[in-house]
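What follows is calculated from the coordinates using simple rules that are stated; it is not laboratory data. Remember, it's a predicted structure, so these values are computed and weren't measured experimentally. Positions of Cβ are generated from backbone atoms using ideal geometry, with glycine treated the same way; all protein chains shown enter the neighbour counts.
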Amino acid sequence: MRQIFLDTSYLQALTDSGDNLYPLAINMTARLGKFRSVTSEMVLTELLNALCSRGEYLRKSAIRLTHRLRNDSNTIIIPQTSEQFEQAFAFYQRRLDKGYSLTDCASMQIMRQLEINEILTFDKHFQQERFSALLRE
């Protein structure tokens, strides 16, 4: 089955109907059909952090989405480990010329390890590393 990585920008758009990417995220999800979702605890942390101070409604929406993903048998959530942190941190240090977040670095490392090329994101940084950023295509 096709595996697609879920990035924070995509998950945030699904959570917040006022987000500029919301219509694109909804349309892309419908167009893709069935696929296995892969994300990480780092991405979920970034999502929850991004929406923590934007009001109770969005905070609850982020909580619901996180629960839904964690209970979905078709979603793989990669746990955050010390080893993953070290790998992401090493990659972060090698890309001083880029604006990659540590979470992006971890996501890129996970995608390479699992041989996933597609990611639901609008983040151009993934294209710079030759991944297919589906919300930009």
Exercise. Which of Leu51, Leu102, Leu32 moves most in a GNM of the chain, Cα contacts under 10 Å?
Worked result: Leu32
For this session: Return the single residue from Ser17, Ser40, Ser107 with maximal mean-square fluctuation; model: Gaussian network over the chain, springs between Cα atoms under 10 Å.
Result: Ser17
Exercise. What residue among Gly55, Leu21, Ser107 has its Cα farthest toward the positive end of the dipole of the chain, where the charges are +1 on Lys, Arg and -1 on Asp, Glu, each on the Cβ?
Worked result: Leu21
Exercise. Counting other Cβ atoms within 10 Å of each Cβ, which trypsin sites (Lys or Arg not before Pro) in region 83-137 have at most 16 and sit in a DSSP loop?
Worked result: Arg95, Lys98, Arg130
Problem set entry | Zone residues, region 105-136, relative to Met1, backbone N less than 18 Å from point 7 Å out along Cα-to-Cβ | 114-120
Seminar exercise, completed: region 1-28 and region 58-106 have their Cα centres apart by a whole-number Å value of 15
Problem set entry | Label-point gap, in nm, between Ser53 and Leu96 - each point 7 angstrom along Cα→Cβ | 3.0
Exercise. In Å and whole numbers, how far do the C-alpha atoms of region 20-124 stretch along each principal axis, longest first?
Worked result: 37, 33, 27
